[in-house]
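Here is the structure we will look at, set down as structure tokens.
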Amino acid sequence: GSRERDGQAEDWQGRFQQAGEVLGGQVVLEMLTSLDIGKLAGLIEGEGHICFYRGPRVQIQMTDRDIIEWIAKTLGVNCNGPYADKRESIRKPFWSVTLAGSKAAGLLMTVWSLLGTRRKKQAEQTLAKWRQQKTRLAHAA
């Protein structure tokens with residue numbers, strides 16, 4: 001019911017605040033509403049790609065430019081595109097946003113509880129590698 005949704009909203013807010021604090025407040029996530037977080041989780045689940053390439057990375061690609069522009073504006077990143085699929089000329093152009101490093105890690109920590117099993121596992125693996133990388137860098141300094 002309503003109480004359960006309110007509790008989930010507080011949990012999401014707590015998660016994203018933790019992410020912002022862990023990352024030294026470098027993340028734009030502090031301004032997200034619970035609705036924004038839910039929308040972002042759904043977009044990552046349906047159209048996203050989570051990986052570790054020199055750090056955490058989250059990419060969302062789709063043919064709906066307005067949605068990609070909303071994501072870019074909401075998260076303070078660039079909207080890239082349009083791109084054409086060179087393999088098939090009948091496909092529509094697509095746009096993308098990419099978050100890397102601490103912004104990607106913060107977003108993954110924020111939406112984690114809303115992701116499905118497969119994406120949750122990808123997020124966990126990516127964040128584990130990121131934490132190992134941060135630990136190695138801290139010990140090397």
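The values are calculated or read from the model by the stated rules, or taken from the named source; none is laboratory data. Model, not experiment: these values are computed from the prediction. Glycine gets a Cβ as well: all are built from the backbone with ideal geometry, and neighbour counts include every protein chain shown. Remember, those area values only see protein heavy atoms, side chains included, never the ligands or the DNA or RNA. Shrake-Rupley method; radii C 1.70, N 1.55, O 1.52, S 1.80 Å.
Here are the numbers for the structure shown:
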| read-out | value |
| --- | --- |
| Subset of region 79-138 [touching a residue at least 60 places away in the same chain (Cβ under 8 Å), open to solvent by 50 Å² or more (accessible area, probe 1.4 Å) and either closer than 18 Å to Q61 by Cβ or of a type outside the set (K, R) (or both)] | W112, L114, Q125 |
| Those residues of region 44-63 which are touching a helix residue (DSSP H, G or I) at 6+ places or on another chain (Cβ under 8 Å) and either open to solvent by 70 Å² or more (accessible area, probe 1.4 Å) or assigned to a helix (DSSP H, G or I) (or both), in sequence order | I44, E45, R57, Q61 |
| Criterion: touching a strand residue (DSSP E or B) at 6+ places or on another chain (Cβ under 8 Å), closer than 30 Å to R136 by Cα and either at pLDDT below 95 or hydrophobic (A, V, I, L, M, F, W, C) (or both) - qualifying residue of V58, V111 | V58 |
| Options D66, D6: the member that is assigned to a helix (DSSP H, G or I), modelled with pLDDT of 95 or more and open to solvent by 30 Å² or more (accessible area, probe 1.4 Å) | D66 |
| Residue in region 69-108 that is modelled with the lowest pLDDT, counting only those that are under 19 Å from the mean Cα position of the chain (by Cα) and in a loop (DSSP other than H, G, I, E, B) | G76 |
| Top-ranked residue of region 9-29 - restricted to ones that are open to solvent by 80 Å² or more (accessible area, probe 1.4 Å) and farther than 15 Å from V77 by Cβ, ranked as modelled with the lowest pLDDT | E21 |
| Single condition A41 does not satisfy, out of (1) modelled with pLDDT under 95; (2) among the small types (G, A, S); (3) surrounded by 17 or more Cβ atoms within 10 Å (Cβ to Cβ) | (1) |
